[in-house]
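Written below as structure tokens is the structure these notes are about.
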Amino acid sequence: MSQENVEIVRRMYAAWGARDLDALLEVTDPESEFRTSGSFPDLEPIYRGHQGMRSFWEAMLVPWESFRIDLERIVEGHDCAAVAIRFRARGKGSGVPTDLRQGHAIRFKNARIVKLSAHKSFESALEAAGLSE
């Protein structure tokens, strides 16, 4: 994986942290595909393209008073990466805290993210990316 792809990963999570949808779309291919983990029942299983990312973005903002995604580890491949993340949030209205560790498998093409899949564990993300240790 090139240093450029590592930077793309960092920019994507920084965009989430800054609530900057435009910055997120800059690193995402217009024909990208995002597969959710199934951890959040109100989300669609698959979002496609920039419009899909906009829909996902809006859906993620609805139930949370606040949330953050911390990047904990990146395992690199040639055109892919597996990322360990920690998702912490507080429910809107309920105030109930959520603290999850998950993994993302990411594929790159032409310096953009073309496929991202969320997984309930980092180990599953490693496997999905073809990077099992």
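Here are some conditions: (1) touching a strand residue (DSSP E or B) at 6+ places or on another chain (Cβ under 8 Å); (2) surrounded by 13 or more Cβ atoms within 10 Å (Cβ to Cβ). ALA59 meets all but one. Which one does it not meet?
Exception for ALA59: condition (1).
Filter region 1-34 for residues that are of a type in the set (A, V, I, L, M, F, W, C) and in contact with a strand residue (DSSP E or B) (Cβ under 7 Å, 6 or more places away or on another chain); which is nearest to TRP57 (Cα to Cα)?
That would be TRP16.
Would you check which residues across region 14-29 are more than 15 Å from ILE69 (Cβ to Cβ) and over 13 Å from the mean Cα position of the chain (by Cα) and list them?
ASP22, GLU26, ASP29
Give the residues of region 38-51 that are surrounded by 13 or more Cβ atoms within 10 Å (Cβ to Cβ) and either in contact with a Ser or Thr (Cβ under 8 Å, 6 or more places away or on another chain) or assigned to a strand (DSSP E or B) (or both), sorted by residue number.
Residues satisfying the conditions are LEU43, GLU44, TYR47, ARG48, GLY49, HIS50.
Would you check if ARG101 is surrounded by fewer than 16 Cβ atoms within 10 Å (Cβ to Cβ), closer than 21 Å to ALA125 by Cβ, in contact with a strand residue (DSSP E or B) (Cβ under 9 Å, 6 or more places away or on another chain) and modelled with pLDDT of 95 or more?
For ARG101, the condition - surrounded by fewer than 16 Cβ atoms within 10 Å (Cβ to Cβ), closer than 21 Å to ALA125 by Cβ, in contact with a strand residue (DSSP E or B) (Cβ under 9 Å, 6 or more places away or on another chain) and modelled with pLDDT of 95 or more - is met.
The values are calculated or read from the model by the stated rules, or taken from the named source; none is laboratory data. Just so it is clear, the structure is predicted and the values come from calculations on it, not from any experiment. Please note: Cβ atoms are built from the backbone with ideal geometry, for glycine as well, and neighbour counts cover all protein chains shown.
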